[in-house]
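Since every read-out is calculated from the coordinates, none of them should be taken as a lab result. Because the structure is a prediction, the values reported are computed rather than measured. Backbone-built Cβ (ideal geometry, glycine too); neighbour counts: all protein chains shown.
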Amino acid sequence: MRIARAHEFGGPEKVVIDEIAAPEPEAGQIRIAVKAAAVNPVDWKLLSGKAPVLPPLPLVLGGDVAGIVDAVGDGVDTWSVGDRVFAHPGLTGGYTEGIVLDASFVAPMPKAASFSDAAAVPLVALTALQGFLADGRDLSGLHVLVHNAAGGVGNAAVQIAKAKGAKVTGTASAANADFVRSLGADNVVDFRETDVGSCPSDVDILMDLVGNSQETGMWSLIKSGGSVIRIAGGAKAPPEETVDGVRAYKVRVRPNGDQLAELSAMMDAGKLKSSIEQSFAFDQVEQALRASMGGHVRGKIVLVVAQ
Ligand SMILES: NC(=O)c1ccc[n+]([C@@H]2O[C@H](COP(=O)([O-])OP(=O)(O)OC[C@H]3O[C@@H](n4cnc5c(N)ncnc54)[C@H](OP(=O)(O)O)[C@@H]3O)[C@@H](O)[C@H]2O)c1
């Protein structure tokens, strides 16, 4: 089988396609014949060799897969060969034609979704969902501010918050404003153009997907008792802290098949849709990574691994 991997750290040109034997599932695991994977900013950050914790080499990037179960390990009775599934395998491992995963990481693919649509969802939607769960409140009636609503995590966060009954404001450039409204956002603002002080300070939850919300004064928009979910930034912050009366939670996404099944059901119900800006063939992985590095992706970039 083909696998895209880097034998040394560096830029996207370091990722090459190798041929290896397919891995065999052990007890409690399944193997997925991967049809599509997705690209996330963490991929090129890990590849650069400048992440605080370096992954081992050779490095297989990729935090999303969608495909068909083609082998089942001992003791697994939740999945059968032929099942259409998707998963967040962790931050690495997804750029491959065959991946072995713990059976509990996996969820049934949304019934009507293509493999590409499914692969565009796990990492980003789990990040958003786990962020809201860290706050712990019922979102119904709360005002959620998604800072960077047009990117991968943001487009999932807007839809999940709306599905759970929140009022949503998203930050985005003028070019992405209509896209963010189409996801269900009630308001769109760009704090690169608009003074923070001119905005209403009635936010219950600020989800920071840029990492600059504190420095740019956005925390002043949060009501007493409100919270910040730090998805980007806060590298040195503790998991939870209270700063100037604002509760701040640092969230790092984790695999979770049960939560992914909830997201799959939301997709079946039409409440969560993939937004794919660009698809690349598997052997165009270098170009796919470069597109993500540009920093202006609307929605997601997907790799079509196999037909
Ligand atoms: N903690 C975790 O577990 C976790 C999980 C997933 C992602 N992350 C991190 O979260 C961040 C977002 O990830 P992502 O996948 O959503 O990124 P992404 O898809 O690459 O985000 C691209 C989008 O960001 C927008 N953007 C950039 N600066 C902005 C600003 N100041 N205000 C509003 N929009 C802005 C761009 O819009 P324009 O074109 O208009 O600039 C573009 O649409 C990344 O740093 C990523 O590494 C962390």
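Quick look at the numbers
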| read-out | value |
| --- | --- |
| Segment 114-136 - residue that is within 13 Å of the ligand (Cβ to nearest atom) and outside any helix (DSSP H, G or I) and, of those, surrounded by the fewest Cβ atoms within 10 Å (Cβ to Cβ) | VAL121 |
| Residue in segment 42-59 that is within 18 Å of ALA87 (Cα to Cα) and assigned to a loop (DSSP other than H, G, I, E, B) present | no |
| Extreme residue, surrounded by the fewest Cβ atoms within 10 Å (Cβ to Cβ), among residues of segment 253-285 that are within 24 Å of ILE229 (Cα to Cα) and hydroxyl-bearing (Ser, Thr, Tyr) | SER275 |
| Sole exception among (1) farther than 30 Å from GLY11 by Cβ; (2) within 16 Å of the ligand (Cβ to nearest atom); (3) without any contact (Cβ under 8 Å) to a residue 60 or more places away in the chain for ILE229, by number | (3) |
| Single residue of segment 232-280 satisfying the filter (free of Cβ contacts under 8 Å to residues at least 60 places away in the same chain and of a type in the set (S, T, N, Q)) that is farthest from TRP79 (Cα to Cα) | THR242 |
| Among the residues listed as ALA185, ALA166, ALA161, the single one being within 24 Å of the chain's Cα centre (by Cα), within 13 Å of the ligand (Cβ to nearest atom) and not basic (Lys, Arg) | ALA185 |
| Candidates LEU101, LEU126, filtered to the one that is of a type in the set (A, V, I, L, M) and touching a helix residue (DSSP H, G or I) at 6+ places or on another chain (Cβ under 7 Å) | LEU126 |
| From ALA66, ALA51, residue being among the hydrophobic types (A, V, I, L, M, F, W, C) and within 22 Å of ALA281 (Cβ to Cβ) | ALA66 |
